[in-house]
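Visitor: Please see the structure below; I have some questions.
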Amino acid sequence: MLRTTTKQEVREQVKAWKAEGLSIGLVPTMGYLHEGHGSLIARARKENDRVIVSDFVNPIQFGPKEDLATYPRDFEADCKLCEELGADLIFHPEPEEMYAENFHSYVGVNVLSENLCGKSRPIHFNGVCTVVTKLFMLSQADRAYFGQKDAQQLAIVRRMARDLDYNIEIVGCPIIREEDGLAKSSRNTYLSAEERKAAVVLHRALTLGEQLVRSGEKDAAKVVAAITKEIEAEPLARIDYVELVDWNELQPQSVVPDQVLVAVAVYIGKTRLIDNFIVE
Ligand code: AMP
């Protein structure tokens, strides 16, 4: 597996692969890899001749009060997992390599970024779209892999690729969970033992909500209220949002639509966790 920190080396490798007619799968990550990331890499491995993993904590998607400085990192462990899963290249640039001085160009998607995480993280999705665009350009990938764990991100990246003719297939992958149901996340490492136990409330509450939707409940307020009540019963939890939106435009609904995304963001202590379910 090739490790590189430079865009030039990625370009050269991609050019050589393309000259051989090989297909390329890209898995964008912020590192500190776990089985959630692993599932994306394994899927990319199956569906492409070559697999590129990017491992980059993207500063422009973090707000001023967010956890950029403390975001967990372990590049050696990341390389080990990528090797084991058969990735061909890991791209691990410094911020200066990605963002030259006087960087002023951003990509964004309107409407889909208005609700959910977009409300409390106003610059987040422009940062995501911008870095993802750069990674698409560099990797010339045929397919890129994103987790449903970040459902709004998946929807936004998919729309961006369609709207702006990126000619790349966006592949959505299911949420990988711990045994007790907590969605795997690099940020779970912030949780104390007590908080870790409390954190399972996100999945517990969403499971209740999903049962309601699947049993035919059409009143969106009732679904949101049931989830909210369950989370509020956990003393260590503080809700950022519980939202029910259509899984197309990500707009709030009063009647549960046929394709629905129900998503939550909850602080457990100081750690903000997200989770969701989609019924299509
Ligand atoms: P991150 O490193 O957190 O930016 O995540 C990189 C990619 O891995 C994103 O597409 C995430 O949605 C995906 N991902 C993170 N956690 C999980 C998980 N538990 N299950 C599936 N995909 C995940």
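No value in this document is a laboratory result; all are computed from the given coordinates. The shown structure was predicted, so the numbers you read here are calculated from the model rather than taken from an experiment. We place every Cβ from the backbone using ideal geometry, glycine too, and count neighbours over all the protein chains shown.
Visitor: Taking the Cα centre of the stretch 51-97 as the origin, how large is its charge dipole in debye, to the nearest 20, when only Lys and Arg (+1) and Asp and Glu (-1) carry charge on their Cβ atoms?
Guide: 200 debye
Visitor: Kindly express, to the nearest 10 degrees and within the range 0 to 90, the angle between helix 75-84's C-alpha long axis and the longest C-alpha principal axis of the chain.
Guide: Roughly 80 degrees, rounded to the nearest 10.
Visitor: For the chain, set up a GNM with springs between Cα atoms under 10 Å and report which of ALA263, ALA199, ALA161 has the largest fluctuation.
Guide: Sorting by GNM fluctuation, first place goes to ALA161.
Visitor: Next question. Please give the contour-minus-distance gain from ARG238 to THR5: 0.36 nm per residue of separation, less the Cα-Cα distance, rounded to one decimal in nm.
Guide: Working: separation 233, 0.36 × 233 = 83.88 nm, distance 3.88 nm.
Contour length minus the Cα-Cα distance gives 80.0 nm.
Visitor: MET137 to GLU20: extension gain in nm, 0.36 nm per residue of separation minus the Cα-Cα distance?
Guide: Working: separation 117, 0.36 × 117 = 42.12 nm, distance 1.87 nm.
Contour length minus the Cα-Cα distance gives 40.3 nm.
Visitor: Only four residue types carry charge here, +1 at the Cβ of Lys and Arg and -1 at the Cβ of Asp and Glu. Report the dipole size of the chain about the Cα centre in Debye, rounded to the nearest 20. Mind dumping the intermediate values first?
Guide: On the way: 33 positive and 43 negative charges, 32 e Å.
Dipole size: approximately 160 debye.
Visitor: To the nearest 0.05, what FRET efficiency results for SER215 and GLN253 with a Förster distance of 22 Å applied to their C-beta separation?
Guide: On the way: r = 18 Å, r/R0 = 0.80.
Once the sixth-power term is evaluated, E becomes 0.80.
Visitor: Which is farthest toward the positive dipole end of the stretch 1-145 among LEU112, PHE91, LEU26, measuring Cα position about the Cα centre, with Cβ charges +1 (Lys, Arg) and -1 (Asp, Glu)?
Guide: LEU112
Visitor: Still on this structure, I have one more. Of the residues ASP150, ASP165, ASP49, which exhibits the maximal mean-square fluctuation in a Gaussian network model of the chain defined by a 10 Å Cα contact cut-off?
Guide: ASP165
Visitor: Rounded to the nearest 0.05, what FRET efficiency do THR228 and VAL107 give with R0 = 35 Å and r taken as the Cβ-Cβ distance? Could you check? Before the final figure, lay out each step's value.
Guide: Numbers: r = 34 Å, r/R0 = 0.97.
E(calc), rounded to 0.05, equals 0.55.
Visitor: Okay, next question. Return the distance in nm (one decimal) between the two label points of a simple spin-label model at GLU194 and LYS46, each offset 7 Å from Cα along Cα→Cβ.
Guide: In this crude label model, GLU194 to LYS46 measures out at 4.2 nm.
Visitor: Here's a follow-up. Taking all pairs of distinct Cα atoms, average 1/r, flip it, and tell me the Kirkwood hydrodynamic radius of the chain in Å to one decimal place.
Guide: On the way: mean 1/r = 0.0510 Å⁻¹.
Evaluated over the chain, this radius sits at 19.6 Å.
Visitor: I'd like the FRET efficiency for LYS80 and SER120, computed as 1/(1 + (r/R0)^6) with the beta carbon distance as r and R0 of 30 Å, rounded to 0.05.
Guide: Numbers: r = 35 Å, r/R0 = 1.15.
The formula returns an efficiency of 0.30 here.
Visitor: I've got another one for you. Can you compute the charge dipole magnitude of the stretch 96-178 about its Cα centre, using +1 on each Lys and Arg Cβ and -1 on each Asp and Glu Cβ, nothing else charged? Give it in debye, rounded to the nearest 20.
Guide: On the way: 9 positive and 10 negative charges, 74 e Å.
Here the stretch 96-178 has a charge dipole of around 360 debye.
Visitor: Which translational diffusion coefficient, to the nearest whole µm²/s, is obtained for the stretch 1-134 from the Stokes-Einstein equation, given a Kirkwood hydrodynamic radius over C-alpha pairs, 25 °C and 0.890 mPa s?
Guide: Numbers: Rh = 16.0 Å.
The estimated diffusion coefficient comes to 153 µm²/s.
Visitor: Taking only Cα atoms and a 10 Å spring cutoff, compute GNM fluctuations for the chain and point out the largest among GLU114, GLU230, GLU194.
Guide: Per the Cα network of the chain with a 10 Å cutoff, GLU194 tops the list.
Visitor: Select from LEU206, PHE146, LEU250 the residue farthest towards the positive end of the dipole of the chain; place +1 on Cβ of Lys and Arg, -1 on Cβ of Asp and Glu, and compute about the Cα centre.
Guide: LEU250
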